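Here is the structure we will look at.
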Amino acid sequence: MAVEEVPQSYEQHLHVDPRILSGIRRIIRAHLRLWGRDDLVDAVALCVTEVLTNVPKHTGSPECRLRLWNTEDGVHTTISDTDSALPTVSEPDWCAESGRGMFLLSSTAYRWAALPTPSGKDVWFECRPAHLAPSTPRP
């Protein structure tokens, strides 16, 4: 009997609504555990939640695509949306109800970037285990 290889990627089209975020975190948790990446579950789930929360707020459309890849060094995630405006990181007002998402992403992910695409943009980030990541994230 042949052993099936576990796919090392996951992709899903999403219509982002705050009510689906807990389900997305469960999906992320399940895939990362299947890949043996238990140590990255919290970081990846936090970063995905922060980026997804920005999609309907800043793009004018709740439609996006989430992609996860298990790599040799960690987990690479890309969220693609239909708006060409690139996100910026600013020092958050900790008393405000919003405005911390990209700051949290830049503080949690090993590295990240936002790139324009013909149909909008990709926001990608990479989370690595502590023993592979320096103490400060790289751009």
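Backbone phi angles across the range 47-61, fed through the Karplus curve with coefficients 6.51, -1.76 and 1.60 (θ = phi - 60°), yield HN-Hα couplings of 5, 4, 4, 5, 5, 4, 4, 6, 4, x, 5, 10, 10, x, 9 Hz in residue order; Gly and Pro are listed as x.
Evaluated on the range 10-127, the Kirkwood hydrodynamic radius is 14.4 Å, with distances taken between all distinct Cα atoms.
Explain nothing, just the number: relative contact order of the range 11-90, from Cα pairs under 8 Å at least 6 residues apart, as a whole percent. Each step should come with its number before you reach the end.
On the way: 89 pairs, mean separation 26.8, N = 80.
Relative contact order of the range 11-90: 34 percent.
Computed from the coordinates by the stated procedures, all read-outs in this text should not be read as laboratory data. Because the structure is a prediction, the values reported are computed rather than measured.
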